[in-house]
Amino acid sequence: MHMNRREFLQLLAVAAASGMALDSKSALAGNAPANFYDVPRHGNVSFLHFTDCHAQLLPVWFREPNVNLGVGAALGKVPHLVGQHLLKEYGIKPGGAEAHAFTYLDFTEAAKVYGKVGGFAHLKTLVDKMRAQRPGALLLDGGDTWQGSATSLWTNAQDMVDACIKLGVDVMTPHWESTFGAKRVMEIVNKDFKKANIDFVAQNIVTNDFGDQVFKPYTIKEQNGVKIAVIGQAFPYTPIANPRWMVPDWSFGIRDDSMQKWVDEARAKGAQVVIVLSHNGMDVDLKMAGRVTGIDAIFGGHTHDGVPQPVKIKNAKGMTLVTNAGSNGKFLGVMDFEVKGKRVTSFKYRLLPVFSNLLPADPAMDAYIKKVRAPYESKLSEKLAVSDDFLYRRGNFNGTWDQLLVDAMMAVKGADAAFSPGFRWGTTLLPGDAITMERLMDQTAITYPQTTLTSMTGEMIKTIMEDVADNLFNADPYYQQGGDMVRVGGIEYTIAPNAAIGKRIGSMTIKGKPVAASKTYKVAGWAPVAEGATGEPIWDVVATYLRDKKVIKGLKLNEPKIIGVGKSNPGIANYKGGVS
Amino acid sequence: MNALRRNVLKGAAGAGVVAVAVAAGLLKPTQAMAAWNKAAFEAKNVGDAMKGIGAASPADSKDITIKAPDIAENGAVVPVEVTSGIAGTTSIAILAEKNASPLVGNFNLSGGAQGFISTRIKMGQTSLVRAVVNAGGKSYTAAKEVKVTIGGCGG
């Protein structure tokens, strides 16, 4: 039955009124089949994949973007489809559980019905259920697992390391993990992971001096008598997007040529299935799949794209599947391969949303999470303010959460303008929810949280914005870094994503007046990548602001006017800043 | 690589890459000590620098491979490798086109040395990195863009 938006909203209203929100199983009955998590096994080799959970051990809200523009060859293609465009591409029924999981549509209303997503105790139940039907299935952790929450920061990533061991991870590759420093990463890999038999693989991390591999490039496993190679691809631009001084002896990069070498070596050693566990970001994975041959599938992350089905990429010697498995613990990818005659002959894939109300918590994992949080509970639950507004982060240009951060920085630091990095992690808050210290830390928990106040000329401000815009909108994915546009407080501007570097940003105004190239402005920011920064941590600055405000309402979202992408671009919908 | 070997090699590197290359017979001592090509190295634009090394209008060549990062991790030390598959290659020059002085280095090869050099260059901003090869009295070129960014804001 097709349900239009109006009917859906009516159903939600009825559901909420009748208390169904408290028991989503009954509310879901009409929309999600009772056998939602029955995924019959296909073939003889299986992989389970989660990525970019950003250290969220408990269920959370997470809203997908309404702006995710594709440029160059990526225009209008997966993963650059939002809302209805994504539903149409994959034939997902509007108003159902999957539509809620994969899109921003009617988010606040639907969230009340379907409940929170993710949480390691619920993920554990789902992983175990999939594994029971797929003996020997490998669990892949695509990275950005150790960073993103208060508890992971305060335990120096130990809470996540132990949670992943208990979850049964087999293979991992990193990105934000490196921001705990090279020494800490090596300690975890050589002690905790070694003991737990977890392979930490990264073909594209080599020493700066001699180009030696820092980690194993790949690992060989066996499943039902089939030899499998899992090659690791860490985030290629870690020392650029994050502080280089934290990994001073390591060099990263994309390294197609060495990827090809390891694929060929693994095949020569008898691997019948070769997969890549990647933190490239989806656009980079799609390009790599066309250039490197012999890979059956790339299991991707970084860009946080919840992509329901793999994209098939043809290359010189065959075809490679490319997946991306979303973020924040919201999804588990399940890939089944049939391997016959020493090669993959068919596949079946599902990207399963992890609805915590539909998956009972695993008791052992639940007990572990409670125990690890106990010393911090009072700090985590401190109520800083209440938000009447809907607070989310994800989107190419701004989110209400980031608006709150830049507003707070400008107010507390007395700045004319403020910059906040275009991070894609960070959970969502529904209107009326309390902003606790824990939720604030979801947006800010990094190992270089210092705030800065800098005098910058108008020219310098434009240069920075142009630089970041090119990292997002360079037509060649290999020159992209995978974050979103820097969030800007105090300065209104226009952006032409398809223009060349230096020519995208225009009409910059501050308090209604044009930004003058030679005039100096006070600009607040946080997360400096240079060594030796000493400002007050961002969470203290924002907590001060929130305690003072007590209620957050009427946030004015500063979104740029977007030029030249077309009003019917399927990568943008419901955008208030203006599109042409 | 074991720690001892790493330290030994670091010691050797400390003695100077040029010394190692001379010892390996790749560079003639006279070339290593050759007169400083002041005009070429101090040229402020690509055209003058290329003229200075006797390659005013090189032909584009697919036989030159430049290996350099798409985005530099550190603009102060950008690793660049150039391989020339052109027979009889006698020199390989590297230019960072937008540097104040574009010519970064010019390597003379002799005695049938392979057309391969590997070095690190300094770059002030996003630019094409150009290789210019002299072979058999003719000059050839290829280029690759290397982006230098202020960083931060990823992921």
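The values are calculated or read from the model by the stated rules, or taken from the named source; none is laboratory data. Given the structure is predicted, the values throughout are model-derived calculations rather than measurements. Here the Cβ positions follow ideal geometry from the backbone for every residue, glycine too, while neighbour counts run over all protein chains shown.
When the range A:216-256 is filtered for residues that are touching a His at 6+ places or on another chain (Cβ under 9 Å) and outside any loop (DSSP other than H, G, I, E, B), the ones remaining, listed by number, are A:232, A:233, A:238, A:241. Only a single criterion out of (1) surrounded by fewer than 23 Cβ atoms within 10 Å (Cβ to Cβ); (2) out of contact with any helix residue (DSSP H, G or I) (no Cβ under 7 Å at 6 or more places or on another chain); (3) at the interface with chain B (Cβ under 9 Å from one of its Cβ atoms) is not satisfied by residue A:265, namely (3).
Listed by position, the strands (runs of 3 or more DSSP E) enclosed by the range B:80-155 that each have at least 2 residues that are within 14 Å of chain A (Cβ to nearest Cβ) are B:116-121, B:127-135, B:138-146. Looking only at residues of the range B:51-71 that are of a type in the set (Val, Ile, Thr) and away from chain A (no Cβ under 14 Å), we find that the one that is surrounded by the most Cβ atoms within 10 Å (Cβ to Cβ) is B:64.
The sole residue among A:81, A:140 that is closer than 23 Å to residue A:364 by Cα and in contact (Cβ under 8 Å) with a residue 12 or more places away in the chain is A:140.
Here the condition is being loosely packed, with under 15 Cβ neighbours inside 10 Å and at the interface with chain B (Cβ under 10 Å from one of its Cβ atoms); of A:512, A:483, A:502, A:532, it holds for A:502 alone. Has the range B:56-63 got any residue that is at pLDDT below 95 and in the same structural domain as residue B:140 (by TED's automatic domain parsing)? Yes, that holds for at least one residue. Highlighted here are the strands (runs of 3 or more DSSP E) found entirely within the range A:474-543 that include at least 2 residues which are within 30 Å of residue A:75 (Cα to Cα): A:487-489, A:491-495, A:505-510.
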